[in-house]
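Written out below as structure tokens is the structure these notes cover.
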Amino acid sequence: MLNVTWLRFYLRKPVALSVLMGLAVAMAAGAACAGDYETRALRWDSLERSYLIHLPPDAAGDPLPLVIALHGAGGNAQGFADETRMAAAADASGMMVAFPDGVGGTFNAQFCCGEAVTRQVDDIGFIGAIIDDVSRHWTLDRTRVYVTGMSNGGILTYELAAIHPDWFAAIAPVSGAIGGVARSGKTYLIPVPDRPVPVMIIHGMRDHLVLYDGGSSSYLKFTNHWKMSVADSFTFWAAADRCDGQPDTREIVPGKLRSSTYAGCAEGTTVRLWSVEDGEHGWPDDIFPAEESTRSAAAEILAFFAGFRRIDASGADR
């Protein structure tokens, strides 16, 4: 029987030198430069919106997978692209990657964050419009569309998969939450998706803003900023994906990285949690195990994505 404490929680309702140096470091690490991105403009919900798109080298002919990468509150598309080095990882995996820009640096994930919530921006529809726009201009494999995001972007990642599991083959939220209380006092929990979705969660156990154990951060001074825990997210998706038994939990890097995985889930899905034991509220370091040493969080996420293709209820690719 799965732990469903998340349900009880929910029902309770409670250009400077430094910039130049950073660019040099990013380039040395193999990150894509700004010139490697195309800016696309869209009008959606009466707003002028935009996103960056990066294509892998020699992208022609066969349909390509697409990764949607969502920045955190106060961020932007280019900053998130630079921070995550997602484009370099996508090049190695033969994937396109799109970086949407939020409104006022935020996305509307119902209980987070900022201007996008205040204005009730339709970010779910905006992401759908990006997928359609990519499909119109490039050869997109719609059975291999994925989404990841950090913090506010991670929260929206959960919501996108819950509302539109028919859009995504897998998701990977980082430092997100499946529910909480907005500044207005409104309580929100993502709906249960109508089909299984492979999920890989990454969260720092010392996260001071989106607390690993849930609750209210003392670093956020406004009222009504309570969020559900990582355990709530993990068990929610294990239940949604109809996973059997208990997760396989291993200490991968003692004192640094722990993995918990439900592998026996419906329709071949997996629910995995990476707990970064000394991790705070930020994009993870290159600590994920690889054949010879370690790899980046972006490479780990895309390796997870590569194992899944969206299928319909009959088991046929769509």
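The values are calculated or read from the model by the stated rules, or taken from the named source; none is laboratory data. Here the structure is a predicted model, which means the values were calculated and not measured. Cβ placement follows ideal geometry from the backbone for every residue including glycine, while neighbour counts extend to all protein chains displayed.
Screening the candidates VAL197, VAL181 for the property of being in contact with a Phe, Trp or Tyr (Cβ under 7 Å, 6 or more places away or on another chain), at pLDDT below 95 and either on the phi < 0 side of the Ramachandran plot or surrounded by fewer than 22 Cβ atoms within 10 Å (Cβ to Cβ) (or both) yields one hit, VAL181.
Answer yes if at least one residue in region 285-294 is assigned to a helix (DSSP H, G or I) and either touching a helix residue (DSSP H, G or I) at 6+ places or on another chain (Cβ under 9 Å) or exposed (fewer than 15 other Cβ atoms within 10 Å of the Cβ) (or both), and no otherwise. Lay out the reasoning, then the answer.
Here is the first cut: in region 285-294, the ones assigned to a helix (DSSP H, G or I) are none.
No, region 285-294 contains no residue that is assigned to a helix (DSSP H, G or I) and either touching a helix residue (DSSP H, G or I) at 6+ places or on another chain (Cβ under 9 Å) or exposed (fewer than 15 other Cβ atoms within 10 Å of the Cβ) (or both).
If the requirement is being over 24 Å from PHE80 (Cβ atoms) and not in a loop (DSSP other than H, G, I, E, B), which of these qualifies: SER275, SER260?
SER260
Scanning region 295-318 for residues being surrounded by 16 or more Cβ atoms within 10 Å (Cβ to Cβ), part of a loop (DSSP other than H, G, I, E, B) and modelled with pLDDT under 95 gives a total of 1.
Does THR269 qualify as being closer than 19 Å to PRO193 by Cα, among the hydroxyl-bearing types (Ser, Thr, Tyr) and in contact with an Asp or Glu (Cβ under 8 Å, 6 or more places away or on another chain)? Lay out the reasoning, then the answer.
Numbers: closer than 19 Å to PRO193 by Cα: yes; among the hydroxyl-bearing types (Ser, Thr, Tyr): yes; in contact with an Asp or Glu (Cβ under 8 Å, 6 or more places away or on another chain): yes.
The answer is yes for THR269.
Residue pairs whose Cβ atoms lie under 7 Å apart, sitting 6 or more positions apart in sequence or on different chains, and linking a residue in region 138-155 that is within 21 Å of PRO57 (Cβ to Cβ) to a partner that is among the basic types (Lys, Arg), are ARG144/ARG309.
So that you can scan it fast, the table gives a plain yes or no per residue for (1) closer than 24 Å to ALA69 by Cβ; (2) surrounded by fewer than 19 Cβ atoms within 10 Å (Cβ to Cβ); (3) touching a Lys or Arg at 6+ places or on another chain (Cβ under 8 Å); (4) basic (Lys, Arg):
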{"site": "HIS203", "(1), (2), (3), (4)": "yes, no, no, no"}
{"site": "TYR219", "(1), (2), (3), (4)": "no, yes, no, no"}
{"site": "THR249", "(1), (2), (3), (4)": "no, yes, yes, no"}
{"site": "SER275", "(1), (2), (3), (4)": "yes, no, yes, no"}
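For region 57-75, state whether one or more residues are among the acidic types (Asp, Glu), surrounded by fewer than 20 Cβ atoms within 10 Å (Cβ to Cβ) and part of a helix (DSSP H, G or I). Checking region 57-75: not a single residue is among the acidic types (Asp, Glu), surrounded by fewer than 20 Cβ atoms within 10 Å (Cβ to Cβ) and part of a helix (DSSP H, G or I).
Selection of region 143-163 for residues being surrounded by fewer than 18 Cβ atoms within 10 Å (Cβ to Cβ) and either over 19 Å from PHE304 (Cβ atoms) or basic (Lys, Arg) (or both) yields only ILE163. Kindly indicate whether ALA88 is among the small types (Gly, Ala, Ser), in contact with a Gly (Cβ under 7 Å, 6 or more places away or on another chain) and assigned to a helix (DSSP H, G or I). Judged against the criteria, ALA88 is a match. For region 91-144, a residue qualifies if it is in a helix (DSSP H, G or I), touching a helix residue (DSSP H, G or I) at 6+ places or on another chain (Cβ under 7 Å) and closer than 12 Å to LEU156 by Cα, and the qualifying residues are ALA116, ASP123, ILE124, ILE127.
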